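Presented below is the structure to which this report refers.
The values are calculated or read from the model by the stated rules, or taken from the named source; none is laboratory data. Please read these numbers as outputs of a predicted model, since none were measured by experiment. When we count neighbours, we look across all protein chains shown, and the Cβ atoms used for this are built from the backbone with ideal geometry, even at glycine. Side chains are part of the model used for accessible areas, which takes the heavy atoms of the whole protein and leaves out ligands, DNA and RNA. Shrake-Rupley method; radii C 1.70, N 1.55, O 1.52, S 1.80 Å.
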Amino acid sequence: MTAKKLLRVLSGERVDAPPMWLMRQAGRYLPEYRALRAEKGGFLELVNDSDAAAEVTLQPIRRFGFDGAILFSDILVVPHALGQDLWFEAGEGPRLAPRLVDTALESLTAAPQRLDPVYGTVTRVAAALPPEVTFLGFAGSPWTNATYMVAGQGSRDQSETRRLAYTDPAAFQAIIDAIVAMTIDYLAKQIEAGVEAVQLFDSWAGSLSPAQFERWVIAPNAAIVAGLRSRCPNAKIIGFPKGAGGKVAAYARETGVDAIGLDETVDPAWAHRELPAGMPVQGNLDPLALIAGGAELHGAATRVIDALRDRPHIFNLGHGIQQDTPIGHVEQLIAIVRGTAPA
C-alpha cells in the first residue's frame with residue numbers, strides 16, 4: 001500500500017490526523033507568488049509558462065509541507081482548448097469569446113494543443129515533489145465551464161446559461177458533451193504526465209433545480225468519471241459540487257467519484273450521516289474562519305475534524321483560500337489539524 005497519507009485516505013483508509021491541503025493554496029496570499037506573478041506579467045502568463053506554474057505549485061509545499069500539491073492552472077483552459085479566446089480583465093475576472101449565447105458551438109475550432117503547457121507543468125512538478133506529497137490535478141466540471149462559455153464571463157445566478165438549458169436543451173447538451181470529451185482527455189493526460197489524483201470543480205452547481213442538477217451536474221460528471229476510468233483504471237477522483245446542499249448525497253451516490261468535497265455551508269455531521277458509508281470526505285472549514293484565526297479558527301477546525309472522525313477525511317477549506325489570509329493563521333491551522341497546537 002502507498003505510504004502517501006492522502007492517497008491512503010482516497011482509497012478508503014481512516015487515519016489519525018487527517019491529511020490536508022487547501023484549495024487555492026498556490027496563490028495570492030503568498031508573497032513569493034505575488035513576486036513571481038509581477039515578474040511574469042499576469043495570471044495567464046503564469047499558467048502558460050510551465051516552469052513558472054511548476055514553481056507556483058511547489059511554493060506552498062516548501063513553505064507549509066502540505067500533504068497534497070494542487071496543480072497551478074485554471075478551469076477555463078478547457079473552454080480555451082475548445083476554441084474560445086480567453087483573457088482576464090483587470091479587476092473584473094475572466095472573459096471568453098465568442099459567447100455561446102450568441103454563437104453556435106460548431107463555429108469554434110478546437111485547439112487541444114493549448115493544453116500542452118499544463119502537461120509540461122505536471123511533468124516538472126512530479127519530478128520535484130517530496131516523496132510523501134500527493135500530486136493533485138483538476139478540471140472544471142461541465143456545468144460550471146458551460147456557464148462561462150455561454151455567458152462569456154462569470155455571473156451571479158448563471159441565468160443566461162440556465163435559460164439556454166431550458167429553451168434549447170439539445171444545443172446545450174452539445175456544449176456539455178464537448179466539455180465532457182475534452183475533460184476526459186485532459187485529465188487522462190494529466191495522470192499520464194504524473195498527477196496521482198484529480199478533482200472536479202463544479203463551482204456553480206448550486207444554481208440548479210433538482211431535475212436540472214441531475215441532468216447537467218450528476219450525469220456529465222458521471223460520464224467524466226466513467227470515461228477517465230476507462231483510460232486510467234486506477235484514477236482517484238474527488239468531486240466538489242459547490243453549493244449543492246442536500247443534493248450532495250445524490251451526487252456522491254451517482255457520479256462514481258471516490259471522494260466528495262464539501263463547501264463550508266454543509267454541516268459535516270449531516271454529511272457523515274447522509275453520505276455513503278466509508279466514502280472519503282474532503283473539507284470543509286470556512287475560509288473566513290482561517291482569516292479570523294485564534295480561538296475561532298481552533299473551534300471551527302476542531303468541529304470539522306470531530307464530525308468526520310469516524311470516516312476517511314481529507315482536511316481542506318470549503319472553498320479557496322482568500323488572498324488576505326495571514327500566513328500565521330495557515331501555520332496555526334496546520335498545527336491544529338496535525339495535533340501539535342496548544343490546547
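With the cut-off at 1.5 for a/c, could you classify region 284-343 from its C-alpha gyration tensor as rounded, prolate or oblate?
oblate
Can you give me the relative contact order of the chain as a percent, contacts being Cα pairs under 8 Å and 6 or more apart?
Relative contact order of the chain: 20 percent.
For the chain, modelled as a GNM with alpha-carbon contacts under 10 angstrom, which of P142, P60, P130 fluctuates the most?
In this elastic network of the chain, the residue with the biggest mean-square fluctuation among P142, P60, P130 is P130.
What's the extension gain from R229 to T340 if we count 0.36 nm per residue and subtract their Cα-Cα distance?
Additional length available on full extension: 36.1 nm.
Ignoring any ligand, DNA or RNA, what whole percent of the accessible area of the chain comes from carbon and sulfur when the probe is 1.4 angstrom?
In the chain, the share of accessible area belonging to carbon and sulfur is 50 percent.
Putting +1 on Lys and Arg Cβ atoms and -1 on Asp and Glu Cβ atoms, find which of Y186, G68, T103 reaches farthest to the positive end of the dipole of the chain.
Of Y186, G68, T103, it is G68.
Once phi is turned into θ = phi - 60°, what whole-Hz ³J(HN,Hα) does the Karplus curve with 6.51, -1.76 and 1.60 give for every residue of region 279-293, x standing for Gly and Pro?
6, x, 10, 10, x, 9, 5, 5, x, 6, 5, 5, 5, 5, x
Using unit Cβ charges (K, R positive; D, E negative) and no other charged atoms, how large, in debye to the nearest 20, is the dipole of the chain about its Cα centre?
Taking the Cα centre of the chain as origin, the dipole is about 540 debye.
Based on the mean of other beta carbon atoms within 10 Å per residue, what is the order of 241-252, 72-83, 324-335, 103-114, most packed first?
Going by the mean number of other Cβ atoms within 10 Å, highest first, we get 72-83, 241-252, 324-335, 103-114.
Rounded, prolate or oblate: pick one for region 113-200, where a ≥ b ≥ c are the square roots of the eigenvalues of its C-alpha gyration tensor, a/c under 1.5 means rounded, and failing that, prolate if a/b is larger than b/c, else oblate.
Note, shape of region 113-200 comes out prolate.
Pick out which of T147, T183, T167 has the largest mean-square fluctuation in a Gaussian network model of the chain, springs linking Cα atoms closer than 10 Å.
T167
Past the 30 Å Cα-Cα mark, which pairs from K4/K242; K189/K242; K5/K40; K5/K242?
K5/K40
Distance from the Cα centre of region 1-67 to that of region 266-334, in angstrom?
Comparing the Cα centres of region 1-67 and region 266-334, I get a distance of 18 Å.
Work out from phi, with θ = phi - 60° and the Karplus expression 6.51 cos²θ - 1.76 cosθ + 1.60, the ³J(HN,Hα) of each residue of region 230-235, listed in order in whole Hz, and give x for Gly and Pro.
5, 8, 9, x, 9, 4
Using 0.36 nm times the number of residues separating E39 and R303, minus their current alpha carbon distance, what extension gain do you get?
91.0 nm
Long-range amide H contacts for N316: which residues qualify at under 5 Å (H placed 1.01 Å from N, peptide plane, sequence gap of 5 or more or a different chain)?
Those lying under 5 Å, H to H, from N316 are G283, N284, L285.
GNM on the chain, C-alpha springs below 10 Å: top fluctuator among A193, A259, A292?
Answer for the Gaussian network model of the chain: A292.
Taking K and R as +1 and D and E as -1, what net charge do the other residues with C-beta under 15 Å from the C-beta of D168 add up to?
0
So in the chain, what percent of DSSP beta bridges are antiparallel if you round to the nearest 5?
Taking every DSSP beta bridge with both residues in the chain, the antiparallel ones total about 20 percent.
Would you mind checking which residues have amide H under 5 Å from G140's amide H? H placed 1.01 Å from N; only 5 or more apart, or other chain.
F201
Subtract the Cα-Cα distance of I291 and I327 from 0.36 nm times their separation in residues, and report this length gain in nm to one decimal.
Extra length from I291 to I327 when fully extended: 12.0 nm.
Given a Förster radius of 45 Å and the C-beta distance between A104 and D267 as r, what FRET efficiency does 1/(1 + (r/R0)^6) yield to the nearest 0.05?
The computed FRET efficiency comes out at 0.55.
Just to check I understand the Karplus step: with θ = phi - 60° and J = 6.51 cos²θ - 1.76 cosθ + 1.60, what whole-Hz values come out for region 169-177, glycine and proline as x?
Running phi through 6.51 cos²θ - 1.76 cosθ + 1.60 with θ = phi - 60° gives x, 5, 5, 5, 4, 5, 5, 4, 4 Hz.
Note down the nm distance, to one decimal, between modelled labels 7 Å out along Cα→Cβ at A90 and at A174.
3.9 nm
What percent of all Cα-Cα pairs in region 195-343 falls into each 5 Å bin, going from 0 up to the bin containing the maximum distance?
In order of increasing distance, the bins hold 2, 9, 19, 20, 19, 15, 9, 5, 2, 0 percent.
To the nearest 500 deg cm²/dmol, what mean residue ellipticity at 222 nm is calculated for the chain from DSSP H runs of n ≥ 4 alone, each contributing -39,500 (n - 2.57), summed and divided by the residues?
Mean residue ellipticity, 222 nm, calculated: -13500 deg cm²/dmol.
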